[in-house]
Amino acid sequence: MADTSTNYVWRGLELFAGRGDTEAIVTGDRRLTYADVHRDTLTMAATLREHGLRSRTGVAVLVSNPPEAVALHLALHLLGVRPVWIARAPRRHQADFLRLAEADAFIYDPRTHGEVGREFAGTVRPVPVFCLGPGGVGPDLLAHRPTTEPPRPGEVVAEPEAVFQTSGTTGRPKLVHHRHALFRSLLVFAEQWVALGRPVLRHLAVGGHWHVAQQMTSLMVLFMGGTMVLEDSFAPDTFVAAVERERTTSTVITPAMLAALLDSPALATGDVSSLRVVTGGGSAASPARLAQAIDRL
């Protein structure tokens with residue numbers, strides 16, 4: 001049986017509560033504090049429970065990079081519900097993954113996935129369908145005002161876990177299962193980072209919360225007390241503008257993104273001097289491009 005007394009979400013919420021009005025998430029004109037994330041996580045957990053979601057069930061999630069995805073992620077784990085993250089991939093791969101996952105419910109963001117969300121909602125029925133935002137097939141979770149209390153520590157006995165979708169480059173997408181150990185290790189890493197006196201990060205996220213690499217980074221940054229700057233997609237000009245505007249100190253990009261950034265006139269004219277950590281992954285990187293990046297950045 002899982003050791004629910006060490007559920008990483010509860011420790012994370014303790015950290016959030018202690019940081020109050022410190023800036024946690026920036027997206028467009030919205031700026032959320034740690035108090036906001038703490039409140040939104042508990043509100044979402046109570047909302048999900050009032051809509052019938054229970055521990056040891058699986059919920060397929062189709063989102064891009066909204067700030068609500070963080071609260072949803074933590075709330076699902078607080079309830080012992082297993083999120084099944086649908087990747088940004090060809091639709092046939094998404095549909096195949098959805099079938100493989102055999103989820104008990106489906107949540108999607110109609111603001112960014114209206115058409116495909118409605119299509120998949122028809123595919124997964126009769127399981128319940130919910131939305132992050134208005135205009136979708138199911139109830140809007142963000143508009144719900146729960147009347148019951150969120151769960152309390154020790155009340156939920158299921159272990160936090162998650163399922164992710166592979167890219168499908170070898171054919172049929174596969175399911176990757178991560179258990180509590182992954183998420184708890186992110187908390188430990190963040191607390192050790194702070195204990196060593198290292199500066200907290202202002203991280204620019206250009207992927208999606210459906211990707212395990214972004215989830216790992218997002219949680220580590222928030223647990224250490226940093227700030228997440230969220231963008232829905234990558235373009236060199238908007239990337240440089242975000243770094244310059246928010247003085248971000250870290251990011252995660254693919255080699256293809258790095259090449260596009262190095263070739264962009266925006267890099268020549270913008271100020272990215274605040275960057276201290278640039279993490280690359282997803283495919284092989286050209287040594288010449290890496291040398292160029294080290295020189296330019």
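Within the full protein context, the accessible area of Trp210 is estimated at about 40 Å² for a probe radius of 1.4 Å. The residues of the range 228-274 expose, per residue, 40 Å² of accessible area to a 1.4 Å probe. If only the Cβ of Lys and Arg carry +1 and only the Cβ of Asp and Glu carry -1, the dipole of the chain around its Cα centre is close to 540 debye. When the chain is treated as a GNM, springs tying every alpha-carbon pair under 10 Å, which of Pro199, Pro236, Pro287 comes out with the largest mean-square fluctuation? Maximum fluctuation in the GNM of the chain, among the listed residues, is at Pro287. Its relative contact order, with pairs defined as Cα atoms under 8 Å and 6+ residues apart, puts the chain at 18 percent. Given the choices (1) 140; (2) 244; (3) 149, volume of the Cα convex hull per residue in Å³ derived from the coordinates of this structure is entry (1). Per residue, the average separation of C-alpha pairs within less than 8 Å and at least 6 apart gives the range 176-290 a relative contact order of 25 percent. Dipole orientation for the chain: of the candidates Ile107, Cys131, Gly80, Gly80 has the Cα lying most toward the positive pole (charges on Cβ; Lys, Arg +1; Asp, Glu -1). For the range 1-125, the solvent-accessible area of protein heavy atoms averages 39 Å² per residue (probe radius 1.4 Å; ligands and nucleic acids excluded).
Identify, among Gly28, Ala89, Gly208, the residue whose Cα sits farthest towards the positive end of the charge dipole of the chain, taking +1 on the Cβ of Lys and Arg and -1 on the Cβ of Asp and Glu, with the dipole about the Cα centre. Of the options given, the answer is Ala89. Rounded to the nearest 20, the size of the Cβ-charge dipole of the range 193-247 about its Cα centre is 280 debye, with Lys and Arg at +1 and Asp and Glu at -1. If the segment from Leu175 to Glu149 were pulled out straight at 0.36 nm per residue, it would be longer than the present Cα-Cα gap by 6.0 nm. Apolar share of the accessible surface for the chain: 55 percent from carbon plus sulfur atoms, 1.4 Å probe.
The values are calculated or read from the model by the stated rules, or taken from the named source; none is laboratory data. Small disclaimer: the values here were computed from a predicted structure and weren't measured. We place every Cβ from the backbone using ideal geometry, glycine too, and count neighbours over all the protein chains shown. Quick note on the areas: whole protein, heavy atoms, side chains included, nothing else; ligands and nucleic acids left out. Shrake-Rupley method; radii C 1.70, N 1.55, O 1.52, S 1.80 Å.
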